[in-house]
Amino acid sequence: MSTRTTDTLRAFYEAMLAAWGPQHWWPAETPTEVIVGAILTQNTAWRNVERAIVNLKRAGALDCRRLGDMPLDQLTELIRPAGTYRVKARRLRSFVDWFRQCYDADIERMFATPVDTLREQLLGIHGIGRETADSILLYAGGLATFVVDAYTARILYRHRLIDDSADYDEIKELFESSLPADPGLFNEYHALLVRTGKQHCRPRARCSGCPLEPFEHEVSP
DNA sequence: TGCCAGGCCGGGT
DNA sequence: ACCCGGCATGGC
C-alpha cells in the first residue's frame, strides 16, 4: 500500500483524535456484553440498543447460559427496544448455541483460537456478518482486526480514498495494510470514524465543521 | 412526516 | 455476480 495512503489515514486519525479525544470503546462491561451489543446494534441506533441491554441486565439475562435457556419469546420481549427484535433474538440464540457447543461458553478459549479461523467460524453463524464478526474480534477479544461500517465507507468515499464499488474486505484491507496491527489503534480509529460520521457524515448531512474538512473533498454527498 | 440508525439474509435476475 | 426488499423501534 502506498505511503501516501498511509500518511492520509494517519492524518485522519490525528485530526479526529484531536477533535474528539479518546472514545473509550466498546461501551460495555464484559466481553459477553460486547457480543450481545454487536448483534443488537445491526442497522440500529445505539440508544435503542442501550435500552435492550438494560432490560437484559435487569432480568439477569446478560449471560450466555440464560440467553440460551430462556424461552425465545421472553428474550424477544426483552430486546424489543432494539428493533428487528424477532430476527435479533434468533441471532443471539444462534450465537450462544454455537458458543456453548464449541467453546463451552468460555471466552478465553474462544479467543485463543487463531484469529482467521475464529473469524471464519463466526461468519458461519447465522446472523453474524463481517462487521459483527470483526467487532467481536476487536472489541470483545482485543484482536487486531479492523472494523468497517457504513460511516467508514462513506467517509473514505467522500475523500476519494476508495471508489463506490469498494466492498467491505477491500476497505478493511486498506486499513490493515496501511497501519500497524495495533488493537489499541484499530479500536480508537473505528470509534472515531463512527463519532465523526454520526455528526458530519450522515447520508445527506453537510460536512461543515468536520475535523476531516481540511482534507480534500472531491465527491459531493 | 419521512428518513435514518455502529447489518444481514434470502430470493430474484 | 449483483440488486433489492424485509426486518422494526425510537429520535430528529
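The values are calculated or read from the model by the stated rules, or taken from the named source; none is laboratory data. This one's a predicted model, so the numbers in the text were calculated from it and none came from an experiment. Backbone-built Cβ (ideal geometry, glycine too); neighbour counts: all protein chains shown.
No other residue among A:THR3, A:THR30 is more than 11 Å from DNA strand B (Cβ to nearest atom), under 30 Å from A:GLU213 (Cβ atoms) and loosely packed, with under 13 Cβ neighbours inside 10 Å apart from A:THR3.
Against the conditions (1) in a helix (DSSP H, G or I); (2) more than 13 Å from the chain's Cα centre (by Cα), A:LEU161 satisfies every one except (1).
Of all the criteria given as (1) aliphatic (A, V, I, L, M); (2) within 16 Å of DNA strand C (Cβ to nearest atom); (3) surrounded by 21 or more Cβ atoms within 10 Å (Cβ to Cβ), the one not satisfied by A:VAL147 is (2).
Among the residues of segment A:81-93, which ones are within 13 Å of DNA strand B (Cβ to nearest atom) and buried (at least 16 other Cβ atoms within 10 Å of the Cβ)?
A:PRO81, A:ALA82, A:GLY83, A:TYR85, A:LYS88, A:ALA89, A:ARG91, A:LEU92
Being more than 27 Å from A:VAL194 (Cα to Cα) and touching a Cys at 6+ places or on another chain (Cβ under 7 Å) holds for only one residue in A:ARG100, A:ARG65, and it is A:ARG100. Residues of segment A:164-176 that are within 19 Å of the chain's Cα centre (by Cα) and over 19 Å from A:GLN23 (Cβ atoms): A:ALA166, A:ASP167, A:TYR168, A:ASP169, A:GLU170, A:ILE171, A:LYS172, A:GLU173, A:LEU174, A:GLU176. Among the criteria (1) surrounded by 14 or more Cβ atoms within 10 Å (Cβ to Cβ); (2) touching a residue at least 12 places away in the same chain (Cβ under 8 Å); (3) over 19 Å from the mean Cα position of the chain (by Cα), the one A:LEU72 does not fulfil is (1). Taking the conditions (1) touching a Leu at 6+ places or on another chain (Cβ under 8 Å); (2) aliphatic (A, V, I, L, M); (3) not assigned by TED's automatic domain parsing to the domain that holds A:SER94 in turn, A:ALA205 satisfies each one other than (1).
Can we say A:THR132 is farther than 17 Å from A:ALA38 by Cβ, of a type in the set (S, T, N, Q) and not assigned by TED's automatic domain parsing to the domain that holds A:HIS190? Considered against the rule, which asks whether it is farther than 17 Å from A:ALA38 by Cβ, of a type in the set (S, T, N, Q) and not assigned by TED's automatic domain parsing to the domain that holds A:HIS190, A:THR132 comes out as no.
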